[in-house]
Amino acid sequence: MSNFSTNTNSIAPVGQPHFYYQDQTLFVEQLSVKALAKEHGTPLFIYSKAALKAAWDSYQEAIDNRDVLICYAMKANSNLAILNLFAQWGAGFDIVSGGELARALKAGADPQKIIFSGVGKQTWEIKAALEANIKCFNVESIPELSLIQEVASSLDKKAAISLRVNPDVDAKTHPYISTGLKDNKFGIAMEDALATYEHAATLSHIKIVGLDCHIGSQITQIEPYYDALERLLKLMDQLRGKGIELAHLDIGGGLGIRYQNEEPPHPRELIGPTLNVLQERGYGHLQLTLEPGRSLVGNSGVLITEVLFLKDGETKNFAIVDAAMNDLIRPTLYDAYHGALAVEIRDSQTTTYDIVGPICESGDWLAKDREFALIAGDLIAIESTGAYGFVMSGQYNSRPRAAEILVDGNQSFVIRRRETIDELFGHELIPTIS
Ligand SMILES: *Cc1c(COP(=O)(O)O)cnc(C)c1O
């Protein structure tokens, strides 16, 4: 690492050795970001395979060969190449749509490691999942349970289910990504859970296999998980009393990552103690399942953008860049912080900039009040964009979606080519109206 004196935006992903400076220029693994941007253009998402593997290994280390299944919540980043890596490493997948099911299967997922979450599953999606023989549906309501029974019956199959219960704990995260509170749309209320299980046990084409919860996202404290676990254990005791036995317990995803100065728990702080509690309480035989998304991919990616113009306003200075809220919506949607790094550090006077895109909305910003020494044509790396980055991108203002590349050592691979202008309206039709 070299001179940060002219760039006060430190590298946020602490302990992330795959993004670093060499002679004042940013590298991903062994490749220069500037060279990659020149070759592939901007805006450009770059992912580090070594960083993905390190995140995966942090879970494996915590699991230590015990019966724990990691179902990667693929909505965080569903590029086929990335799914394929996780599938090779032995991951299962947490899906939330029929489209994600198709993607996961295309990427080589083992259907027996796929769990299907989401509050609005449709008939065709349930049918496709049953035909693929997935591991489990995480059922979020009684009408959904009835629909799964009906579809399974029509296919003459038994659907393996768990109920996603809402433990009503505060995950202490952003309201849009907090999902375990009473007034969220997610899950079955704790007080209805026992009766719903008893009802499920009477259904001819339903097989109860698990219990599930997911309390939120970007969780940076461990306590909410243990609060939820206590409530789940209480329910499990009640289920046992009714003769309903489970095969797995799914404690969801949600572990946070470092965007700025957060210190989220390591998976080992969650997995080991949870297994110990299960053991102590007579549930040591259950498989533990987790659904991490962000923590597996978030800090493995950066978004590279080029400075188009510098604009000095009366109260603010703007760096207008070629990436925008259509490429990365988290800042404007959640008021989220992303680190921003100069791809080449200049040894000159710095100025405070807001980094903004070209879209006709004041909400089109990527980072605020950052110190940079910049000139037009410079490149900026927006950090921690491996999760909920490209997948939430769109084409607003008729902007083609960015390219994605994967770096592995000294090699780079295009894993999604940049959209073309023709593709923007390739699905549209002008009717002949006389
Ligand atoms: C989004 C989601 C996850 C993953 O959350 P992260 O915060 O990305 O780990 C897991 N389970 C369900 C049901 C989800 O909706």
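Structure summary
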{"read-out": "Normalised contact order of the chain, rounded percent, pairs of Cα under 8 Å and 6 or more residues apart", "value": "20 percent"}
{"read-out": "For the chain, accessible area per residue (1.4 Å probe, heavy atoms of protein chains only), Å²", "value": "43 Å²"}
{"read-out": "The chain: calculated mean residue ellipticity at 222 nm from DSSP helix runs of at least 4, using -39500 (n - 2.57)", "value": "-8500 deg cm²/dmol"}
{"read-out": "Pairs from 157/234; 121/157; 75/207; 106/157; 49/172 whose Cα-Cα separation, in the structure shown, is over 29 Å", "value": "157/234; 49/172"}
{"read-out": "Highest-MSF residue in the chain out of 59, 226, 388 [GNM, Cα springs under 10 Å]", "value": "226"}
{"read-out": "Convex hull of the range 301-434 built on C-alpha atoms - directionally averaged projected area, nm²", "value": "11.0 nm²"}
{"read-out": "Potential extension, residue 142-residue 202 segment - 0.36 nm per residue separation minus Cα distance", "value": "20.3 nm"}
{"read-out": "Cα convex hull volume per residue for the range 80-179 (Å³)", "value": "115 Å³"}
{"read-out": "Share of carbon and sulfur in the accessible heavy-atom surface of the chain [1.4 Å probe, %]", "value": "50 percent"}
{"read-out": "Cross-link reach list, lysines versus residue 311, counting only Cα pairs under 28 Å and skipping chain neighbours closer than eight places", "value": "34, 38, 368"}
{"read-out": "Percentage relative contact order, the range 94-160, counting C-alpha pairs under 8 Å, at least six apart", "value": "32 percent"}
{"read-out": "Whole-Hz couplings from phi, Karplus 6.51/-1.76/1.60, listed for the range 227-241; x for Gly and Pro", "value": "4, 5, 4, 4, 5, 5, 4, 4, 5, 4, 5, 5, 4, 4, x"}
{"read-out": "Radius 14 Å from Cβ of residue 272, net charge of other residues (Lys, Arg +1; Asp, Glu -1)", "value": "-3"}
{"read-out": "P(r) tail fraction, the range 98-235 - alpha-carbon pairs more than 21 Å apart, %", "value": "44 percent"}
{"read-out": "Spatial extent of the range 49-293: Rg and Dmax, with the Cα atoms as the point set, Å", "value": "16.9, 52"}
{"read-out": "Among 57, 237, 156: highest mean-square fluctuation, GNM of the chain, C-alpha pairs under 10 Å", "value": "156"}
{"read-out": "Degrees, to the nearest 10: 190-201 long Cα axis against longest axis of the chain", "value": "60 degrees"}
{"read-out": "Tilt relative to the chain, helix 123-132 - C-alpha long axis, 0 to 90 degrees, to 10", "value": "80 degrees"}
{"read-out": "³J(HN,Hα), Karplus 6.51/-1.76/1.60, whole Hz, each residue of the range 413-420, x for Gly, Pro", "value": "10, 6, 10, 7, 6, 4, 5, 9"}
{"read-out": "Two-decimal Rg to Rh for the chain - Kirkwood Rh, Cα set", "value": "1.01"}
{"read-out": "Dipole magnitude of the chain, debye to nearest 20 (Cβ charges: Lys/Arg +1, Asp/Glu -1, about Cα centre)", "value": "780 debye"}
{"read-out": "Taking the range 49-293 and dividing mean pair separation by its residue count, relative contact order in percent (alpha carbons under 8 Å, at least six apart)", "value": "20 percent"}
{"read-out": "Length released on extending from residue 221 to residue 349, taking residue separation times 0.36 nm less the Cα-Cα span", "value": "42.2 nm"}
{"read-out": "Cα gyration tensor shape of the range 320-382, rounded if a/c is under 1.5, else prolate or oblate by comparing a/b with b/c", "value": "prolate"}
{"read-out": "Backbone HN-Hα couplings from phi across the range 294-304 [Karplus 6.51/-1.76/1.60, Hz, Gly and Pro as x]", "value": "3, 5, 8, 10, x, 8, 9, x, 10, 10, 9"}
{"read-out": "Choice from 136, 360, 213 showing the highest fluctuation, given a GNM over the chain with Cα pairs closer than 10 Å", "value": "360"}
{"read-out": "Placed amide H near residue 137: partners under 5 Å, 5+ positions off or other chain", "value": "116, 160, 161, 162"}
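The values are calculated or read from the model by the stated rules, or taken from the named source; none is laboratory data. Keep in mind that what you see is a predicted model, and the values were worked out from it rather than measured. Cβ atoms come from the backbone with ideal geometry, glycine included; neighbour counts cover every protein chain shown. Surface areas here come from the heavy atoms of the whole protein model, side chains and all, with no ligands, DNA or RNA. Shrake-Rupley method; radii C 1.70, N 1.55, O 1.52, S 1.80 Å.
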